[in-house]
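Structure record follows, encoded as structure tokens.
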Amino acid sequence: MSQPPVQISSKEQFDSILGSSRLVVADFYAVWCGPCQQIAPVYEALSHSLSRPKLLTFVRVDTEEVEALSKEYQITALPTFLLFQEGKVIHSVKGANPLELRRIIQKLASELESAGESSGAGSGSNGDPWTGAEIPRGYSDISDQVETRNCELLNADEDAGPVNVLFDAAKPVALSNDKETAKDFVQSGADDQLLLFIPFQGSVKLHTLQVTSLPPRDQDDVSRPEVIHLYLNRPQNMDFNEADDTEPTQAVTLKPEDWNDEGTANISLRFVKFQKTTTLVLYVQKGEDGAEAVRLDRIRLVGEAGTKREMGKLQKVGNESGE
């Protein structure tokens, strides 16, 4: 479920949230603080894409309006982001450092999901995840098999959302009637190419790839992908030169008529080649009409799930070496 950060108005409200949500991320800011305003859209996008009821909650604390909290947690720099687990501070990020903030929060969210504690968050009102196209009979959406904490996206625009939003179970904000404020999509930066590394929690059988792309109608310089190359079972992400020089497992060229009213293209895979898939590299080699950037809102992976690898328990970020 897409959820904006909760604005804290009192210490009592904050303490109540600490007691009701396993993980809490708090943004301590001030209205007059320039860096606070610069990173605010990034923080809001993370909240929209990663919030999980009673598991992961994002809040904002105006240090001048709720001075008691600022004093209690000894906030001396703005912005300061505190991460709480079971009501205790486990990590802090000082200053407007979007890369560090994203890395830490995405790691925690992914480990919650790996531990099987997502509780179906992000699902539609009927409990089922949103899909932009019909699922082929006999198969199911296995996007929850993606090991999101180890996904990697190259040439990503930092002003767009984090890579995790691609696998969010919620309906894209761009399809709602509300004004699009949350960055729950990814977009290329320097040109119209993207390289996405997708590892799975075990070996899966892939039957269909569903790609949703909803570029703004008033921006001619942002487009949907046209040419996509897929590579199987790479140990890590490729670079762009390597991808251009390597024969893909499957090459796809999308036409305007391939996109449905939900902005989704249903790509049938050569099933015999995707029987034992542990990683998938998706290379958007070219966008439509030579646009300057390409956008992806959701990716759905359809097929059959295999046996998961044994996943480690949720660990405190502060216990890791070098942090």
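The values are calculated or read from the model by the stated rules, or taken from the named source; none is laboratory data. For clarity, every value in this text was computed on a predicted model and none was experimentally measured. Using ideal geometry, Cβ is built from the backbone for each residue, glycine included, and neighbour counts are taken over all protein chains shown. Heads up: the accessible areas ignore ligands, DNA and RNA and are worked out on the full protein's heavy atoms, side chains in. Shrake-Rupley method; radii C 1.70, N 1.55, O 1.52, S 1.80 Å.
Before moving on, here are some points about what is shown:
- Evaluation of T253 against the conditions (1) within 28 Å of L175 (Cβ to Cβ); (2) touching a Lys or Arg at 6+ places or on another chain (Cβ under 8 Å) shows that the sole unmet condition is (2).
- Matching residues, segment 188-208, being of a type in the set (G, A, S) and at pLDDT 95 or above: S188
- Annotation: of all residues in segment 128-144 being open to solvent by less than 50 Å² (accessible area, probe 1.4 Å) and touching a Gly at 6+ places or on another chain (Cβ under 7 Å), the one that is modelled with the lowest pLDDT is W130.
- Of all residues in segment 151-164, those that are modelled with pLDDT under 90 and not in a loop (DSSP other than H, G, I, E, B) total 1.
- Residue list for segment 279-323, restricted to those being under 20 Å from N233 (Cβ atoms), open to solvent by 50 Å² or more (accessible area, probe 1.4 Å) and either at pLDDT 95 or above or part of a helix (DSSP H, G or I) (or both): Q285
- K171 meets the conditions (1) outside any helix (DSSP H, G or I); (2) touching a Leu at 6+ places or on another chain (Cβ under 9 Å) in every case but one. The failed one is (2).
- Qualifying residues in segment 209-243 (those that are more than 21 Å from the chain's Cα centre (by Cα) and of a type in the set (A, V, I, L, M, F, W, C)) - the one least open to solvent (accessible area, probe 1.4 Å): A243
- Of everything in segment 266-278 that is in contact (Cβ under 8 Å) with a residue 60 or more places away in the chain and within 23 Å of the chain's Cα centre (by Cα), the residue that is surrounded by the most Cβ atoms within 10 Å (Cβ to Cβ) is T277.
- The set of residues in segment 215-229 being in contact with a strand residue (DSSP E or B) (Cβ under 7 Å, 6 or more places away or on another chain) and not charged (D, E, K, R) consists of P215, P216, V222, S223, P225, V227, I228, H229.
- Residue pairs meeting the criteria (Cβ under 8 Å; at least 6 apart or on separate chains; first assigned by the TED database to the domain that holds G189, in segment 142-156; second among the acidic types (D, E) and open to solvent by less than 20 Å² (accessible area, probe 1.4 Å)): R149/E111
- Scanning segment 244-265 for residues that are within 24 Å of the chain's Cα centre (by Cα) and not aliphatic (A, V, I, L, M) yields W259, N260, D261, E262, G263, T264.
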